[in-house]
Amino acid sequence: MPRKVPNVYSISDRERNDLTPVNPVIDIFTPEKSSSGCISQRYILGFMGFLAVANAYAMRGCLSLAITEMVVVHHKGPVKIDPNGCPGDLDSRNHTNPDNEFDWDEKTQGLILSAFYWGYVIMHIPGGLLAQKFGGKHTLGFGILSTAIFTLLTPFAARQSANWLIALRFFEGLGEGTTFPALNTLLAQWVPPTERGKIGSFVFAGNQIGTVFSSFLSGFLLKYTDGDWPEIFYLFGILGVLWFVAWCFLCYNDPASHPYISQREKEYLADTIGCLARNKNLAPTPWRQMATSVPLIGLVLAQIGHDWIGHDWGLFMISADLPKYMKSVMKFSIAKNGVLSSLPFLLMWLTAIVAGWFSDYLVSKNIFSVTVIRKIFTTIASVGPASGVILASYAGCDQILVVTLFTVGMAFMGFFYPSLKVNALDLSPNYAGTLMAIVNGIGAISGIISPYLIGILVPNSTMLEWRLVFWISFGVIMITNVAYVFMGSGKIQSWNEPRHLLPEESVTWQAKNRAKENDL
């Protein structure tokens, strides 16, 4: 008979952060057979989480390429010559079909593309609270499903008016705003501390594959369907719906509610995580303690500097504005070369996977504390990209060298995933979804602001203007990294447990719990 385990995370900081599992070399494949096969259920959850992030990024990003075949582009005269730029002709002719359906100006297009992020930001905190109350499965599932439905409706909305499309993109952002908070809640229930690096990195780095997949398939469809842009939204919308169907049958909120999990995996998770069932009667969210938590403030600052996933300031120009730099300064459009445009994302994804495994190895062997590992990996994810950006700006007109420096610098960002991206799980497993909502939500706000700041700084897209942007980026990344090194932590915070409540709050919370138990 399996031993009884607690329903809350109540083990000590030392036990939590220095925990070595009973069998630290446990296989993905377990010897016990079940009706679902022999693959550990936490790995199935991780794979489905990876597909959720990939689908989410594919659906949010497909409009960026499709809009080039939707909107008529008006010629605005000759391109200004940059005296410090590289030699070569920059063809500025209008290659867009003048018969495209929509005549939207640049401001309207900007509103359409940015509307997603307004909804995305707004839904982060509610998404975290929903996942905390109802579990991550349904919060994530219905969030992706709603995004898929809105993606399928995009051609219809666009043909009504630009305002219809702006509203639809806003609601699409609301649906996708639950993604990361819900995933963090699920990972807190399923992933032991010694596996957070590899599973967390694999799941969260799904955005790289989603970005590459979206760009490749969108370009392929536009080329071979003679610019039939609605097909793009139908394809990714259907893929999102298919993912939701599989998600409903394969994944569950916690190990205790999973009907096919093996006894061996249950015992392993009970030993390493400390519970099998989601605690449905958590104390009220400790907002005051969170707002004054030094490690959480450090994590938020570091996220602003690093997290280009939400198009934050730090590396926004590498992922989104690198083609503009290469075209206007280097006289070479990296977007025209599928291999070069996807290489930075693929290399970053591979680095994230390797860094995740290495992080877990260091944790399982107790070589360093979790806190030290998170700070080392965060520093690598700071110095590498910042150096690559600066060196590329001084690499002259050597196109291959510039692309190489950008690509290598972006690869070092892979160390971000097993450090900052999983750090919320370290600080508070009980409130992991809410923490992710706070951290990722603030990062998304900076993503709304940063494109406008870059536009102000590079009005003519000259080499010197871009170099200033890169130096500012270097400073932001390094300053936020230093803040995290001094303020960050890998230990569970005291406010993770109900004892953070004041005496009168504790009495009220206990009374509510007793009332719920009586109702049951």
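Report the Cα centroid-to-centroid distance between the stretch 199-248 and the stretch 377-413 in angstrom, as an integer.
Result: 28 Å between the Cα centres.
In sequence order, what are the phi-derived ³J(HN,Hα) couplings for the stretch 56-62 according to the Karplus relation 6.51 cos²θ - 1.76 cosθ + 1.60 with θ = phi - 60°, rounded to whole Hz, with x for glycine and proline?
4, 6, 5, 5, 6, x, 5
Which order do GLU267, GLU497 take when ranked by solvent-accessible area (1.4 Å probe, heavy atoms of all protein chains), largest first? Intermediate values should be presented prior to the final figure.
Working: GLU267 95, GLU497 20 Å².
Per-residue accessible area, sorted high to low, gives GLU267, GLU497.
Kindly sort TRP118, TRP471, TRP104, TRP247 by accessible area of their heavy atoms, largest first, with the probe set to 1.4 Å.
Largest accessible area first, the residues go TRP118, TRP471, TRP104, TRP247.
I'd like to compare 357-364, 462-469, 203-210: which one has the highest average count of other Cβ atoms within 10 Å, and what's the full order after that?
203-210, 357-364, 462-469
Looking at the stretch 179-281, which trypsin sites (Lys or Arg not before Pro) are in a loop (DSSP not H, G, I, E or B) and have at most 12 other Cβ atoms within 10 Å? Could the numbers behind the result be given before it?
On the way: sites: ARG196, LYS198, LYS223, ARG264, LYS266, ARG278, LYS280; in loops: ARG278, LYS280.
Counting only loop positions with at most 12 other Cβ atoms within 10 Å, none of the trypsin sites (Lys or Arg not before Pro) in the stretch 179-281 qualifies.
Sorted by packing (mean other beta-carbon atoms within 10 Å per residue), highest first, where do 482-490, 185-193 land? Please report the intermediate quantities before stating the final value.
Values: 482-490: 19.8, 185-193: 27.3.
Highest mean packing first, the order is 185-193, 482-490.
What does the charge count near PHE358 come to, summing +1 for each Lys or Arg and -1 for each Asp or Glu among other residues with Cβ under 14 Å from its Cβ?
Result for the local shell: +2.
With every protein chain present, what accessible area does LEU65 have (1.4 Å probe, heavy atoms only), rounded to the nearest 10 Å²?
60
Could you go through the stretch 164-177 in sequence order and give the Karplus-derived ³J(HN,Hα) for each residue, using 6.51 cos²θ - 1.76 cosθ + 1.60 with θ = phi - 60°, rounded to whole Hz, and x for Gly and Pro?
Result, rounded to whole Hz: 4, 5, 4, 5, 5, 5, 4, 5, 4, x, 4, x, 7, x.
Mind ranking 374-385, 343-354, 251-262, 393-404 by how tightly packed they are, going by the mean number of other C-beta atoms within 10 angstrom, highest first? Before the final figure, lay out each step's value.
On the way: 374-385: 23.4, 343-354: 20.8, 251-262: 18.8, 393-404: 15.8.
Put in order of decreasing packing, that is 374-385, 343-354, 251-262, 393-404.
The values are calculated or read from the model by the stated rules, or taken from the named source; none is laboratory data. Since the structure is predicted, the reported quantities are computational estimates derived from the model, not experimental observations. Cβ atoms come from the backbone with ideal geometry, glycine included; neighbour counts cover every protein chain shown. Side chains are part of the model used for accessible areas, which takes the heavy atoms of the whole protein and leaves out ligands, DNA and RNA. Shrake-Rupley method; radii C 1.70, N 1.55, O 1.52, S 1.80 Å.
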